Amino acid sequence: MSTPLVGIVMGSDSDWPVMEAAAKALEEFGVPYEKDVVSAHRMPREMIAYGEQAESRGLRVVIAGAGGAAHLPGMLASVTALPVIGVPVPLKYLDGMDSLLSIVQMPAGVPVATVSVAGARNAGLLAVRMLGVADEKLRARMAEFQAELKAQAEAKGARLRG
Ligand code: RP5
C-alpha cells in the first residue's frame, strides 16, 4: 500500500455517504488516500494533531467534510500549510446552507477551497489537479478525463439533435 497523499476527513461517519465520492474520484486516478473521522467539536485535540502532523506523515492535500456548524476544514487549514478542500455536507435542516457558509466564509489568510454542497466528487478531482502540478502523468490523465467529459457532452447534443 502506497503512502496516502490525500487525507479525507469528516466530522462524523454520517458524512461518509457524501464524502465517499471524493474517495471514488481518487481511486479512478490511482491516488492513494486515507479516510477517518476527525471531529472538530467532539475530538478537538485529535483534530489539531491531525492537521499538525498531516504534512510530516506524507499527505499533500486534505479534503475535509462536515455538516452544520462545519468548522473542521477551517480549523485544519489553520494548523497546516497543506491545501485544504472543504466539502459542505447537507444535514436535515437548512439544505446545507449552514455547512456551506461555515466553510466558505474564512478570514483572509486562512484559505479553504470550498466546493459545492455535497460536492465531494469535485473535491477529489480538485485534489488530483493539485497533485498534478508536480506530476506530469496525473496531469495528462486529467486532460484525458476532460476530453472524455467533452465527448460525453457532445454525444448528448448529437442525441438531442437526432
Ligand atoms: C458534524 O455534525 C458532522 O460533520 C456531521 O455532518 C454532523 C452530524 O454528526 P452526527 O450527529 O451524525 O455524528 O459535526
Check: Residues MET47, MET43: which one is in contact (Cβ under 8 Å) with a residue 24 or more places away in the chain and not charged (D, E, K, R)?
Finding: MET47
Check: Can you pull out the residues in the range 72-93 that are more than 8 Å from the ligand (Cβ to nearest atom) and either assigned to a loop (DSSP other than H, G, I, E, B) or without any contact (Cβ under 8 Å) to a residue 24 or more places away in the chain (or both)?
Finding: THR80, ALA81, LEU82, PRO83, PRO90, LYS92, TYR93
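Within the range 39-71, work out how many residues are over 14 Å from PRO4 (Cβ atoms) and more than 11 Å from the ligand (Cβ to nearest atom).
Taking the range 39-71 and keeping what is over 14 Å from PRO4 (Cβ atoms), we get 39-49, 51-52, 64-71.
Subset that is more than 11 Å from the ligand (Cβ to nearest atom): 44-46, 48-49, 51-52.
Residues in the range 39-71 being over 14 Å from PRO4 (Cβ atoms) and more than 11 Å from the ligand (Cβ to nearest atom): 7 in total.
Might you check whether a residue that is crowded, with 17+ Cβ neighbours inside 10 Å, in contact (Cβ under 8 Å) with a residue 60 or more places away in the chain and in contact with a strand residue (DSSP E or B) (Cβ under 8 Å, 6 or more places away or on another chain) occurs anywhere in the range 61-71?
Yes, the range 61-71 contains at least one residue that is crowded, with 17+ Cβ neighbours inside 10 Å, in contact (Cβ under 8 Å) with a residue 60 or more places away in the chain and in contact with a strand residue (DSSP E or B) (Cβ under 8 Å, 6 or more places away or on another chain).
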Next item on the list: For the range 83-131, name all the residues that are within 13 Å of GLY68 (Cβ to Cβ) and not aliphatic (A, V, I, L, M).
Entry: PRO88, PRO90, LYS92, TYR93, ASP95, GLY96, ASP98, SER99, SER102
Check: Would the range 9-22 turn up any residue that is within 10 Å of the ligand (Cβ to nearest atom), among the hydroxyl-bearing types (Ser, Thr, Tyr), out of contact with any Pro (no Cβ under 8 Å at 6 or more places or on another chain) and assigned to a helix (DSSP H, G or I)?
Finding: yes
Notebook entry, point to check: For the range 28-38, does any single residue satisfy the condition of being surrounded by fewer than 23 Cβ atoms within 10 Å (Cβ to Cβ), among the hydrophobic types (A, V, I, L, M, F, W, C) and free of Cβ contacts under 8 Å to residues at least 40 places away in the same chain?
Noted result: yes
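Each reported figure results from applying straightforward, stated rules to the coordinates on display, with no laboratory input. Note that the structure is a prediction, hence the values are computed from the model and not measured. So basically every Cβ, Gly included, is an ideal-geometry build from the backbone, and we count neighbours across all protein chains shown.
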